[in-house]
Every structure is written in C-alpha cells, then in structure tokens.
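First comes the structure, then the notes that go with it.
The values are calculated or read from the model by the stated rules, or taken from the named source; none is laboratory data. For clarity, every value in this text was computed on a predicted model and none was experimentally measured. Every residue, glycine among them, receives a Cβ derived from its backbone with ideal geometry; neighbour counts consider all protein chains shown. With ligands, DNA and RNA removed, areas are computed over all heavy atoms of the protein, side chains included. Shrake-Rupley method; radii C 1.70, N 1.55, O 1.52, S 1.80 Å.
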Amino acid sequence: MNTLQAQAISTRRLDLLPLHLEHAEEMAAVLSDPALHTFIGGTPDTPQALRSRYQRMTAGSPDPAVSWLNWVIRLRDTSCLTGTVQATVSPSGHGPLAEIAWVVGTPWQGRGIATEAARGLVAWLCRQPVRTVIAHIHPEHRASAAVATAAGLTPTDEWHEGEIRWHQCLRR
C-alpha cells in the first residue's frame, strides 16, 4: 500500500481541509470545552500544545506503511472551523484498514456537522485502496454512535480499551 495523503473533501455544507499548523490557534478555541473530553479523557490543549501536536501529526507516521490523515472541518457559510475528522490507514490481514474519528466543538454540535463530515470522510475512503473502516466509540456516547450509524458503520461485539468497535466493509 502506498502512503495516502489527505485531500480536500467537500460536502453540501462543509469543507474538510487537510490539517496545517496554522489551524492550531482557531482549533484550540473550537476544542476548548472540557466537556469534549468526557469520553476520551484529558483536557483541552493550549494553542501552543495543539500546534506542537499538529506538527507531529502533519509530519506523518514513523511507520511508512501507515498513513495519518487529518482534516479540519470548515462550515462553508460562516467560514469558521468547527472540528476535525481523521483516519489512520494501515495494513491488515484483510487489506488496508482505516480507523476513523471525529470531534465537533460544542457550539456546533446538534447541527449534523459530525454526521456530514464522517459521511464525507467515508465516501472519500471508498475511493481509496481501503477495504475496511472502523471506529471505537464509548458505549455511553450516543451522539457518536448515531454519527457512526449514519456513516454506514455497525457495532460489533468487539471491545478496545473500554470502547465498542464499529465496522464497515467497503469492499470484499
């Protein structure tokens, strides 16, 4: 598998833009609500800490067989950033596998932004050499379960670090 690169993805209302260091300051504000960490743990990053993390993320995986793909979500009509989506694509025994995740800042939740972004990401992954998409979701995080369902994933009976593994086979 060749390393994949994040490309701009457009949906009806959103632009998923490949992550850049310059996004760190605005994203620190977007992700500043401690409630966003209820299910994932940790605390909000400062702009400097987020910039440092983005620097590591944009440098790419140290494993050449693994692609780290990260986007910011821009709401087109207001031209503001609202969250992120990401995919880590790696080889597996059944072909390339993408583990996806999303987060939308508290002020933009409940508007279908996470659902639209996740659907856009999965549609993009369908056009890549990816066979399977997975996500890990806390069993009490009903909003993320709804996003996963809308993006075409279904829950499995597998658990990973206290979260349920969701799955979608893109091609057999």
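The number of residues in the stretch 10-56 that are open to solvent by less than 40 Å² (accessible area, probe 1.4 Å) and of a type in the set (Ser, Thr, Tyr) comes to 2. Count of the stretch 120-152 residues, restricted to those that are buried (at least 18 other Cβ atoms within 10 Å of the Cβ), of a type outside the set (S, T, N, Q) and not in a strand (DSSP E or B), is 10.
Taking each residue of the stretch 132-144 that is within 13 Å of Ala101 (Cα to Cα) and looking for partners that are among the polar types (S, T, N, Q) and part of a strand (DSSP E or B) with beta-carbon atoms closer than 7 Å, six or more apart or interchain, yields Val133/Gln168. Restricting the stretch 90-106 to residues that are assigned to a strand (DSSP E or B) and over 12 Å from the mean Cα position of the chain (by Cα), the residue that is farthest from Gln128 (Cα to Cα) is Ser90. For the stretch 80-89, the criterion of being of a type outside the set (A, V, I, L, M) and not in a strand (DSSP E or B) is met by none of the residues. Taking the stretch 58-70 as the range and being open to solvent by less than 40 Å² (accessible area, probe 1.4 Å) and either closer than 14 Å to Leu21 by Cβ or touching a Gly at 6+ places or on another chain (Cβ under 8 Å) (or both) as the test, the residues that pass are Gly60, Ser67, Asn70.
No other residue among Asp157, Asp77 is surrounded by fewer than 19 Cβ atoms within 10 Å (Cβ to Cβ), touching a residue at least 24 places away in the same chain (Cβ under 8 Å) and of a type in the set (Asp, Glu) apart from Asp77. Among the residues of the stretch 88-96, is there at least one that is crowded, with 18+ Cβ neighbours inside 10 Å, in contact (Cβ under 8 Å) with a residue 24 or more places away in the chain and touching a strand residue (DSSP E or B) at 6+ places or on another chain (Cβ under 7 Å)? Among the residues of the stretch 88-96, at least one is crowded, with 18+ Cβ neighbours inside 10 Å, in contact (Cβ under 8 Å) with a residue 24 or more places away in the chain and touching a strand residue (DSSP E or B) at 6+ places or on another chain (Cβ under 7 Å), which makes the answer yes. Which of the residues that make up the stretch 38-59 are in a loop (DSSP other than H, G, I, E, B) and among the aromatic types (Phe, Trp, Tyr)? Passing the criteria: only Phe39.
Checked across the stretch 60-74, the condition of being in a helix (DSSP H, G or I), over 20 Å from Ser90 (Cβ atoms) and not acidic (Asp, Glu) holds for no residue.
May I ask you to verify whether Gln7 is modelled with pLDDT of 95 or more, part of a loop (DSSP other than H, G, I, E, B), open to solvent by 40 Å² or more (accessible area, probe 1.4 Å) and more than 28 Å from Pro139 (Cβ to Cβ)? It is true that Gln7 is modelled with pLDDT of 95 or more, part of a loop (DSSP other than H, G, I, E, B), open to solvent by 40 Å² or more (accessible area, probe 1.4 Å) and more than 28 Å from Pro139 (Cβ to Cβ).
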